[in-house]
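Heads up, the thing below is written out as structure tokens.
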Amino acid sequence: MSRIHPMESDDRLAEWGERLRLLVPIATCIVTLILMSFPLFTPVPVLPHLPLLAVLCWVLFSPSLMPPWVALPIGVLTDAALGVPLGVNAALMPAAAITVAAIDRRFADRPFELDWALAAILILSYQLLSAQLIAFATGVSAGGSLFVQAVSTILAYPIVVLLLARLQRRLVAQ
């Protein structure tokens, strides 16, 4: 008969560290959402869609920590925080995560420039679909303003990738 031994304090700390490691992608997505929802008085949304970029980056860096189903609650929180009709980001973020994961599996070794170009196409598609869903839900067209946000999101992609890659190497990669 085997005896169950209590965990040593080092083992407990290691287990808690592993649990916290799993929360890093979700926490960074929430932090980017908070940053994006700061009040900025402009006629159009000019801030990049930071939660979308965070989801895309985490799917690329650590797909096991950011499966598509995790993107769903992040999308719901994004809808609620930004005042977008509920379901727009909630539907599109998991779809974007699935798309990025499929591209990453198919074309694993690719240069950064290709990643950026693919992200640009995905971001433009995301914003176009967002505009269509918002127009469907509210009857108000948001296409032009979301195009400005798409451009700022595409331009912010390298910076967000750099910051989240450093964070991933320090906190997640063991």
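The values are calculated or read from the model by the stated rules, or taken from the named source; none is laboratory data. Here the structure is a predicted model, which means the values were calculated and not measured. In this analysis, Cβ positions are derived from the backbone assuming ideal geometry, glycine residues included, and neighbour counts consider all displayed protein chains. Note: areas computed on protein heavy atoms with side chains; ligands, DNA, RNA excluded. Shrake-Rupley method; radii C 1.70, N 1.55, O 1.52, S 1.80 Å.
Only the Cβ atoms of Lys and Arg (+1) and of Asp and Glu (-1) were treated as charged; on that basis the dipole of the chain about its Cα centre amounts to roughly 40 debye. Region 7-37 and region 66-116 have Cα centres separated by 20 Å.
The listed residues 61, 147, once ranked by accessible area (1.4 Å probe) with the largest placed first, stand as 147, 61. For region 9-172, the solvent-accessible area of protein heavy atoms averages 55 Å² per residue (probe radius 1.4 Å; ligands and nucleic acids excluded). Mean-square fluctuation check for the chain, GNM, Cα pairs under 10 Å: which of 53, 40, 77 is largest? Result for the chain, Cα springs under 10 Å: 40 fluctuates most. Translational diffusion of region 62-106 was estimated from the Stokes-Einstein equation, with Rh taken as the Kirkwood radius over Cα pairs; at 37 °C and 0.692 mPa s the coefficient is 309 µm²/s.
Both radii come from the Cα set of region 9-172: Rg as radius of gyration, Rh as Kirkwood radius; their ratio Rg/Rh reads 0.99. Helical runs assigned H by DSSP (4 residues or longer) give the chain a calculated mean residue ellipticity at 222 nm of -25000 deg cm²/dmol, each run adding -39500 (n - 2.57) before division by the residue total.
Carbon-plus-sulfur fraction of the accessible area of the chain, 1.4 Å probe, in percent?
Within the chain, the accessible surface is 70 percent carbon and sulfur.
Classified by the C-alpha gyration tensor, region 88-147 has an oblate form. Its axis ratio a/c, with a ≥ b ≥ c, is 1.5 or above, and a/b does not exceed b/c.
When the chain is treated as a GNM with alpha-carbon contacts under 10 Å, the residue of 51, 158, 68 showing the greatest mean-square fluctuation is 158.
Calculate the spin-label point distance for residue 86 paired with residue 159, positioning each point 7 Å from the Cα along the beta-carbon direction, and give it in nanometres. Each label point is offset 7 Å from its Cα along the Cβ direction, giving 3.3 nm. Applying a DSSP loop filter and a limit of 13 other Cβ atoms within 10 Å to the trypsin sites (Lys or Arg not before Pro) in region 1-88 leaves 3. When each full DSSP H helix of the chain is screened for a Cα extent of at least 18 Å along its own axis and an average Kyte-Doolittle hydropathy of at least 1.6, the helices passing are 143-167.
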